[in-house]
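Okay, structure first, notes after.
We did not get these values from a lab; they are worked out from the coordinates using the rules stated. This is a predicted model, so every value here is computed, not measured. Please note: Cβ atoms are built from the backbone with ideal geometry, for glycine as well, and neighbour counts cover all protein chains shown.
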Amino acid sequence: MKIAILSRNKKLYSTRRLLEACVQRGHEAVILDVVRCYMNITSEKPELHYQGEILGDFDAVIPRIGASVTFYGTSVLRQFEMMGVFPANESVAISRSRDKLRSLQLLSRVGVGMPRTGFANSPGDIQDLIKMVGGAPMVIKLLEGTQGIGVVLAETRKAAESVIEAFMGLKTNILVQEFIKEADGADIRCFVIDNRVVAAMMRQAPEGEFRSNLHRGGTAQLVKITPKERATAVKAAKTMGLSVAGVDLLRSERGPLVMEVNSSPGLEGIEKATGKDIAGQIIEFIEKTAVPNRTQTKGKG
């Protein structure tokens, strides 16, 4: 097979591992910087160009699209889909998962557990918004934030009011969520491939920090998940329409709660924590599933 890997940085661990897995399994793989791809949009023969040349035929494409280039990246991926190339994750599913508010609304609709979440536009609604999620301490998140950036823990009601007012004053969209104290700064990353959890790790925030992201100094270790956690992760990925996903869960007194569904989950932390060949499993999924013109809009919304 000929496989395109859309990645802005060929030196990244995840990109290198996917390339290695392709080669080890006898495939031809090409790394393409997604923002250097450009399109000829036509009803007769849609084309993708790259650095002055027309891209040849590919059997599959693996999107590793960063949050900062979601709009352009999904446009390029959609062009691949129009050309009949099989995507490991579809463009509409990536767009769905990148919109934090939309993704939570979709998860809510199918009954997936999540922290109580509020969203408002007017400063006059702040008091009721805080009450809605159970009061302080509470978490305030920028809708566009990634890797823990733009996430604030407001420990008192006064602090929550000040932070929300400041964000609203800047015309910035935010979510407010209940703080799950019993999680104790830890979350579980479930790696889902083709509606199956293939690996799971627990991430623990460093002392004095509530965000468990590895980019922020968190540590990771292998964890055994419960059947309910497994089912929740699979349902969350399926609701987004993602074939490859990282689903972040919190353990709470009322069961597993989904924090986020990531369409381009990193491979380094999960492979090192679990010792599993996740990159190889992604390529194996493509081998079993890739069929020309198979792209379809999975899920709803």
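Tabulated results
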| item | result |
| --- | --- |
| Rounded D (µm²/s) - the chain, Kirkwood Rh over Cα pairs, Stokes-Einstein at 37 °C, 0.692 mPa s | 163 µm²/s |
| Amide hydrogen neighbours beyond the local backbone of Met114, cut-off 5 Å, H modeled | Val258 |
| Area projected by the alpha carbon convex hull of segment 117-179, averaged over all directions, nm² | 3.6 nm² |
| 14 Å beta-carbon shell around Gly56, net charge (K/R +1, D/E -1) | -3 |
| P(r) of segment 1-58 over all Cα-Cα pairs, binned every 5 Å from zero, in whole percent | 4, 18, 24, 22, 17, 9, 4, 1 |
| Pairwise Cα inverse-distance average, inverted: Kirkwood Rh of segment 182-263 (Å) | 12.6 Å |
| Segment Glu182-Lys131, extension gain: residue separation times 0.36 nm, minus the distance between their alpha carbons | 16.4 nm |
| Net charge contributed by nearby residues that have their C-beta within less than 13 Å of Ile3 (K/R +1, D/E -1) | -3 |
| Burial ordering of Val197, Val69, Val34, fewest other beta-carbon atoms within 10 Å first | Val69, Val197, Val34 |
| Computed lengthening from Val69 to Glu284, 0.36 nm per intervening residue step minus Cα-Cα distance | 74.7 nm |
| Ranked Thr289, Thr74, criterion: other C-beta atoms within 10 Å, fewest first | Thr289, Thr74 |
| Rh (Kirkwood; distinct C-alpha pairs) - segment 1-118, Å | 15.5 Å |
| Within-9-Å neighbourhood charge of Gly135 [Cβ basis; K, R +1; D, E -1] | +1 |
| Estimated inter-spin distance, Thr156 and Arg116, nm [label 7 Å along Cα→Cβ] | 2.2 nm |
| Burial ranking of peptide ranges 19-29, 232-242 (average Cβ count within 10 Å, highest at the top) | 232-242, 19-29 |
| Prolate/oblate/rounded label for segment 144-187 (Cα gyration tensor, a/c 1.5) | oblate |
| Difference of contour (0.36 nm per residue) and Cα-Cα distance, Gln204 to Ala231 | 7.5 nm |
| For Ser108, Ser43, order by how many other beta-carbon atoms lie within 10 Å, fewest first | Ser43, Ser108 |
